[in-house]
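This report refers to the structure that appears directly beneath it.
The values are calculated or read from the model by the stated rules, or taken from the named source; none is laboratory data. Predicted model only: the values in this text are computed from it and were never measured. Here Cβ is always computed from backbone atoms with ideal geometry, including for glycine, and neighbour counts include all displayed protein chains.
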Amino acid sequence: MIIWPLQMIFDLTAKKLISYTYDPAKSSENLRENFVAFIRGLISFPLNIPGTAYNKCLEGRSKAMKMLKDMLEKRRTMPEKQHGGDFFDHVLQELKKEGTILTEAIALDLMFVLLFASFETTSLAITFAIKLLTAHPQVLKELTEEHEAILRSRDNPNSKLTWKEYKSMTFTNKVISETVRLANIVPGIFRKSLRDIKIKGYTIPTGWAVMVCPPAVHLNPSKYEDPLAFNPWRWKGVELNGASKHFMAFGGGMRFCVGTDFTKVQMAVFLHCLVTKYRWEAVGGGDLVRTPGLSFPNGYHIKVSEKTRGTQESTKKMEES
Ligand code: HEM
């Protein structure tokens, strides 16, 4: 079985946000490919000639925006709630309200940013988590135990994951925090100084752009012992509901990532299904490159097979003995 987190997550979010499914018979434009081209050139040398990453980035953005604009126009001519009340429907309703601050341009930008922010980030985090778990059997063991214990505590073994069960995933939460700390998916956060800021003998003048670099904190040995080690247990007793001076994988302050909790739920549900239903082995790829964001240039290939009842029960017996 082949899992493509990037494709899987884009398809899921595109369906929920704009009810989009790529159909090559209907359109030659693939929305996901345009977003991928946009993301690849997001931090690139700004040379706008055909063939460069920057040029592809600009083209990806304008093609994706055109697709979203066409969708918006088509929806305007349709009766309401044609799309089962997806997110785009709600935005359109807001757009129609009198006195709204939303304009068509803001609405389109909003849809663009949500699609952009919600798929590459989580797909990278999930891929990286699988890679880390593969290399750290002790972590995988404790994670699997947490999830199998959830299954065992159910009255009905076939019932679906509940919010209460999600809130009980304490070790999973640590695995997720440790994964995003090491992943540093967003290598820089931008701010503007609103007044002169004095720091370590220097002054950042008013109006200057400041780039905060989360990896500099996340990989700092004075903040994290053995910072390059994947050690979810380091989060024991640490309450992480938002950002802190030492943890800014999701940014911080006024612009704190709106998708933080969604990401955590999505990752936890994915890991729950993965470790309870499947086993896997790495079969290829897995090289990590920072460009400067995290990327897997040759993917990360795993062979996944379904866990048999027998193997689940033997894990249970091992635990009990
Ligand atoms: C592993 C997953 C993710 C990571 C590491 C991540 C990281 C970040 C970071 C560092 C910022 C910048 C915050 C700042 O400037 O302080 C940000 C902003 C944002 N993120 Fe995420 N994000 C993730 C997932 C998501 C998801 C799933 C969504 C959407 C559902 C999302 C939506 C946004 C939006 C809309 C902003 C802009 C917030 C604003 O400027 O007010 N993110 N994210």
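Here is how the numbers come out for the structure above:
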| item | result |
| --- | --- |
| Pick from segment 1-58, criterion β-branched (Val, Ile, Thr) and more than 21 Å from the chain's Cα centre (by Cα), ranking: surrounded by the most Cβ atoms within 10 Å (Cβ to Cβ) | 52 |
| Residues of segment 247-266 satisfying the condition of being among the charged types (D, E, K, R) and within 7 Å of the ligand (Cβ to nearest atom) | 255 |
| Hits in segment 289-305 - residues which are surrounded by 15 or more Cβ atoms within 10 Å (Cβ to Cβ) and either within 13 Å of residue 132 (Cα to Cα) or among the basic types (Lys, Arg) (or both) | 300, 302 |
| Residues of segment 267-287 satisfying the condition of being surrounded by 14 or more Cβ atoms within 10 Å (Cβ to Cβ), away from the ligand (no atom under 16 Å from the Cβ) and under 24 Å from residue 188 (Cα atoms) | 286 |
| Candidate set: segment 174-218, residues that are among the hydroxyl-bearing types (Ser, Thr, Tyr) and surrounded by 11 or more Cβ atoms within 10 Å (Cβ to Cβ); chosen: the one farthest from the ligand (Cβ to nearest atom) | 203 |
| Filter pass, residue 234 being away from the ligand (no atom under 16 Å from the Cβ), within 24 Å of the chain's Cα centre (by Cα) and either closer than 22 Å to residue 272 by Cα or not in a loop (DSSP other than H, G, I, E, B) (or both) | yes |
| Condition broken by residue 321, with the remaining ones in (1) at pLDDT 90 or above; (2) out of contact with any helix residue (DSSP H, G or I) (no Cβ under 9 Å at 6 or more places or on another chain); (3) among the small types (Gly, Ala, Ser) satisfied | (1) |
| Verdict on residue 105 being small (Gly, Ala, Ser) and in contact (Cβ under 8 Å) with a residue 60 or more places away in the chain | no |
| Matching residues in segment 101-149 - criterion: being away from the ligand (no atom under 13 Å from the Cβ), among the β-branched types (Val, Ile, Thr) and surrounded by 19 or more Cβ atoms within 10 Å (Cβ to Cβ) | 130, 139, 144 |
| Residue ID - surrounded by the most Cβ atoms within 10 Å (Cβ to Cβ), chosen from residues in segment 77-100 that are within 15 Å of the ligand (Cβ to nearest atom) and farther than 30 Å from residue 179 by Cα | 88 |
